[in-house]
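Nothing in this text is a laboratory measurement; each read-out follows from the coordinates by a stated rule. What you see is a predicted model, and the numbers here were worked out from it, not measured in a lab. Reconstructed Cβ throughout: ideal geometry from the backbone, glycine too, with neighbour counts over all protein chains shown.
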Amino acid sequence: MILGVIADDFTGATDVASMLVRAGMQTVQVLGVPEGGLPQADAVVIALKTRTVAPADAVAQSLTALAALRTAGARQIYFKYCSTFDSTPQGNIGPVTDALMAALGAEFTIACPAFPENGRTVFRGHLFVGDVLLSDSGMRNHPLTPMTDANLVRVLQAQTTHPVGLLRHDTLDGGTPATQARMAQLRADGVKIAVADAVSNEHLLTLAEACADLPLLTAGSGVALGLPPAYARRGWFTPNANAADLDSLQGPAAVVSGSCSEATNAQVAQWLAAGRTALQIDPLALHQGRQSADTVLAQATQALAQGPVLTYATAASESVRAVQQALGVQAAGELVEHALARVAQGLVQAGVRRLVVAGGETSGAVVQALGVQQLRIGAPICPGVPWTQSTLPGNGEAVQLALKSGNFGGVDFFAQALRQAGVVL
Ligand code: ADP
């Protein structure tokens, strides 16, 4: 194993794995630390769910993942977090970085959430989402990790005991030697973590080349794009043009959507506008017993004969708020996740072999219900969202899953994903 990645959430893990595969690394994603050791691959991504847990818990889980990756021989460790730097003054980006640095004896690392292809750029230490500062984006209202400051040096400094510095874009423009010289200077000045600018893929490639020999990198998924070529230049592996190949599966296909992001609302609307089959989950009806996951599943299963079917709880924010007021935020979320996971599980039992899931938490619930523990990463459908393939624990058959984090994908994402997997629409 060359690269070991510790990802702080599930769809984020798939996102970074997708970047590595795209650049020719065979990559396997595992859900948590498996009991029997890690699989063989150029890169292994361990998906944790530590973004918003208590810092001590995030640190403990990350150190367990680190130990497994080191046992498996990983040459470099990558702590992957969100491209919007989702965290609070308590963590968890700072505390986990500090703990990984201590465990690895790392003197210096970088922090770079940039992913320019998805509109996340860092300029003079400030994170932009599209054309606006992070603090002016929708992230300022995030329920768990509101981001009200776009200055990442300041944001990270509040979370770490190490001095934080800045590695600027104009240094990166000078290429790898200039970047490494600046990193050496920062280290000499006592900086332990440098927030790195990146406004283009070129910057990410330079950064990856300059940092490929560090024991630890911390970043969004963007930096991962540059690592495989950097490793190849060091003779550590040969990029494999078939790294993203998955099997060609037959059988029915379906979509399950529990994300309520603007992007997913538009994707559901597009599916409906195209006149495709769809079934809606109504959380209040579920709660009151007027609807059940099993009846929705029965309808969806029956509809499969006519083509792919979408089952969705996706709703506009006013409607979600009303449901949350009636049932509580946590309870509403869990109720819907369980129902969608049950539908997904039943559809797979009924023969579905290509399944698109929208929503990070929803994806976690579906994968758990399927009992899937390992995902082989295939070709991207859009930046950050690849097709993946797993083995079903019950019958050993293959199933392909596209797990989409809420904000990703264009309006026709569902149909685009299915067509890419060979489904005729
Ligand atoms: P995203 O990736 O967009 O954040 P998630 O699946 O992570 O999507 O989170 C969406 C959450 O909203 C889930 O907990 C889901 O169960 C919940 N949810 C989905 N539809 C509704 C709804 N109509 N009302 C209330 N909550 C909902």
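Applied to region 307-317, the Karplus parametrisation 6.51 cos²θ - 1.76 cosθ + 1.60 on θ = phi - 60° returns per-residue 3J(HN,Hα) values of x, x, 10, 9, 10, 9, 10, 2, 8, 6, 4 Hz, with x for Gly and Pro. Among LEU31, LEU204, LEU392, whose mean-square fluctuation peaks in a Gaussian network model of the chain (Cα, cutoff 10 Å)? With Cα springs under 10 Å in the chain, the top fluctuation among LEU31, LEU204, LEU392 is at LEU392. Full extension of the segment from ALA316 to THR238, taken as 0.36 nm per residue of separation minus the current Cα-Cα distance, would add 23.4 nm. Of all DSSP beta bridges confined to the chain, the antiparallel ones make up roughly 35%. Looking at region 271-330, the trypsin sites (Lys or Arg not before Pro) that sit in a DSSP loop and have at most 14 other Cβ atoms within 10 Å of their own Cβ are ARG290. Excluding same-chain neighbours fewer than eight residues apart, the aspartates and glutamates reachable from LYS192 by a Cα-Cα span under 16 Å are ASP98, GLU107, ASP213.
Based on the mean of other Cβ atoms within 10 Å per residue, sort peptides 338-346, 46-54 so the most packed one is first.
By packing density, highest mean first, the sequence is 338-346, 46-54.
Among 309-318, 174-183, the peptide with the highest mean count of other Cβ atoms within 10 Å heads the list, and the full ranking is 309-318, 174-183.
Take each peptide in 238-250, 400-412, count the other Cβ atoms within 10 Å of every residue, and average; sorted highest first, the result is 400-412, 238-250. Each residue of region 413-424 was assigned a 3J(HN,Hα) from its phi angle through the Karplus curve 6.51 cos²θ - 1.76 cosθ + 1.60 (θ = phi - 60°); the sequence is 3, 4, 5, 4, 4, 5, 4, 4, 8, x, 7, 8 Hz, with glycine and proline shown as x.
Projecting the Cα atoms of LEU340, LEU327, PRO386 onto the dipole axis of region 253-420, where Lys and Arg carry +1 and Asp and Glu carry -1 at the beta carbon, places PRO386 farthest toward the positive end.
The aspartates and glutamates whose alpha-carbon is closer than 14 Å to the alpha-carbon of LYS49, local same-chain residues fewer than 8 away aside, are ASP8, ASP9, ASP57, ASP86, GLU361. The calculated FRET efficiency for the pair ARG75 and ASN395, based on their C-beta separation and a Förster distance of 41 Å, comes to about 0.65. Simple point charges give the picture: +1 on the Cβ of Lys and Arg, -1 on the Cβ of Asp and Glu, and for region 102-164 a dipole about the Cα centre of about 100 debye. Summary of the geometry: region 135-189 and region 267-312, compared by the centres of their Cα atoms, lie 44 Å apart. Listed values for region 354-369 are Karplus-derived 3J(HN,Hα) couplings in whole Hz (6.51 cos²θ - 1.76 cosθ + 1.60, θ = phi - 60°), namely 10, 10, 9, 10, 10, x, x, 5, 4, 4, x, 5, 5, 4, 5, 5, and x replaces Gly and Pro. Sorting MET101, MET1 from the fewest to the most surrounding beta carbons within 10 angstrom yields MET1, MET101. Of the residues CYS382, CYS82, the one with the fewest other Cβ atoms within 10 Å heads the list, and the complete ranking is CYS382, CYS82. Stretching the chain fully between GLU202 and GLN180 yields a gain of 6.4 nm (0.36 nm per residue, less the alpha carbon separation). In degrees between 0 and 90, to the nearest 10, how far off the longest principal axis of the chain does helix 262-273 point, with axes built from Cα atoms? That helix lies at roughly 30 degrees to the long axis. For region 71-132, a crude dipole built from +1 on the beta carbon of Lys and Arg and -1 on the beta carbon of Asp and Glu, taken about the Cα centre, is about 100 debye to the nearest 20.
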